[in-house]
1. Take the cross-link list Lys99/Lys139; Lys26/Lys99; Lys3/Lys84 and give me the ones stretching past 20 Å between alpha-carbons.
2. Taking only C-alpha pairs under 8 Å that are 6+ residues apart, what is the relative contact order of the chain in percent?
3. Tell me the net charge near Val124. Cut-off is 15 Å between Cβ atoms, Val124 excluded, with +1 for each Lys or Arg and -1 for each Asp or Glu.
4. Calculate, for Asp60 and Gln35, the FRET efficiency according to 1/(1 + (r/R0)^6) with r their C-beta to C-beta distance and R0 22 Å; round to the nearest 0.05.
5. Going by amide H atoms built from the backbone, whose H comes under 5 Å of the H on Ser119, apart from near neighbours?
6. From the phi of every residue in region 33-46, what ³J(HN,Hα) in whole Hz does the Karplus formula 6.51 cos²θ - 1.76 cosθ + 1.60 yield, where θ is phi - 60° and glycine or proline is x?
7. As a test of the formula, what do you get for the chain when each DSSP H run with n ≥ 4 contributes -39,500 (n - 2.57) and the sum is divided by the residue count, at 222 nm and rounded to the nearest 500 deg cm²/dmol?
8. Excluding Gly58 itself, what net charge comes from residues whose Cβ is under 13 Å from its Cβ, given Lys and Arg +1 and Asp and Glu -1?
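What follows draws every value from the coordinates through simple rules; no lab data is involved. Here the structure is a predicted model, which is why all the values come from computation and not from measurement. With ideal geometry, Cβ positions are generated from the backbone for all residues, glycine too; neighbour counts draw on all protein chains shown.
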Amino acid sequence: MSKGYVYFITPEAVLYRRDLEAPMVKIGYTKSNPQKRLTALQAGSPVLLEVHAYIEGGPDLENAFHNAFAELRSHREWFLAEGKLRHFLGYLESEGTQKFISREDIIAAVHDVILAGRSPNPEVTDEDYLATADPAFLKPFFPEALSL
């Protein structure tokens, strides 16, 4: 039985828009369908939002993502979509059109992005890139990522 879902809600097409001053992502948890949570959030948002991706998990996994991306926290459950978080979202998007992301694909994303030691952008130093995520918080949830 699923505990619920950890979701990533973003402004529509956040990875491709240049009109957003500070692109944001909400990392949250819901016991029900993430689309219902989106509807509630949309009511108070000045921009169109979308469920970027969601995975099975509970509040403990949500907190692990919050802690992993703590350096990017803007306020409460909203984070700047920069550095490793931006690449993580892009990786999840590249896995297909499904919003629900399988455990196998999350493990690959954690391995390829969160555990990555080098910046994919030559204009961003490795040190600055690494500072955007602390993989230690996610390792207990995805130990398979360590052995890929």
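1. Lys99/Lys139; Lys3/Lys84
2. The value is 25 percent.
3. That sum, taken over residues with Cβ under 15 Å, equals -3.
4. Efficiency, rounded to the nearest 0.05: 0.45.
5. Asp126
6. 5, x, 5, 5, 5, 4, 4, 5, 5, 4, 4, x, 9, x
7. Rounded to the nearest 500, the figure is -8000 deg cm²/dmol.
8. -1
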